[in-house]
Amino acid sequence: MDEETQIEKMILDGSLEVAAVDENGELLYTFTDKLKLLYPELYSEFQSHFTKEMMYLWENNFIKMDVTNENPMVEITDKGLDKNEIDKLDPEIKSTLKEVIRVLFSGS
């Protein structure tokens with residue numbers, strides 16, 4: 001199954017939903033709670049990947065969080081809001097940081 005078909009399938013089954021539109025007009029998606037039930041392997045991979053990216057952002061002072069807490073509160077640092085510093089990040093990490101900022105500032 002190609003990526004586009006898989007995305008459509010996941011939207012229809014409720015495990016994926018449109019979250020926002022980026023500055024290039026591309027749709028950004030977010031997983032719903034149904035992901036864990038319907039796609040446990042993908043859920044596990046996503047969790048692992050997301051955790052690694054968050055740890056990178058924390059280690060490099062883009063975010064603050066208590067890493068000893070199982071569900072830490074996340075705060076954006078001044079560096080995490082500095083466009084010059086953000087532009088130095090790899091695109092995937094930059095995307096994760098932008099999504100964290102979007103969620104924190106939207107209250108979602």
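What follows is calculated from the coordinates using simple rules that are stated; it is not laboratory data. Quantities reported herein were computed from a predicted structural model and do not represent experimental measurements. Glycine gets a Cβ as well: all are built from the backbone with ideal geometry, and neighbour counts include every protein chain shown.
Set the Förster distance to 35 Å, then compute FRET efficiency between K34 and E75 from the Cβ-Cβ distance, nearest 0.05. E between K34 and E75, to the nearest 0.05, is 0.75.
If you line up the long axis of helix 91-106 against the longest principal axis of the chain, both from Cα atoms, how many degrees apart are they, to the nearest 10? Approximately 90 degrees, to the nearest ten. Can you tell me the orientation of helix 3-13 relative to the chain, as the angle in degrees between its alpha-carbon axis and the longest Cα principal axis, to the nearest 10? Compared with the principal axis, the helix lies near 80 degrees.
Just subtract the alpha-carbon distance of K94 and E41 from 0.36 nm times their residue separation and send over the number in nm, one decimal. Kindly include the intermediate steps, with their values, before the conclusion.
Working: separation 53, 0.36 × 53 = 19.08 nm, distance 2.47 nm.
Extra length from K94 to E41 when fully extended: 16.6 nm.
Where the only charges are on Cβ atoms (+1 Lys, Arg; -1 Asp, Glu), what is the dipole of the chain about its Cα centre, to the nearest 20 debye?
Details: 11 positive and 24 negative charges, 67 e Å.
Using Cβ point charges on Lys, Arg, Asp and Glu, the chain gives about 320 debye.
In the structure shown, the pairs K64/K94; K52/K79; K9/K98; K52/K94 are assessed against 23 Å; a Cα-Cα span above that value is assigned to K9/K98.
Evaluated at q = 0.15, 0.16, 0.25 Å⁻¹, a Debye calculation over the C-alpha positions of the chain (equal weights, vacuum) places log10 I(q)/I(0) at -0.74, -0.84, -1.49.
With each label modelled as a point 7 angstrom along the Cα→C-beta vector, the Y56-D22 pair spans 1.4 nm. Amide H contacts of L16: I11, T32, each under 5 Å away and 5 or more positions distant or on a separate chain (H built 1.01 Å from N in the peptide plane; Pro and chain starts excluded).
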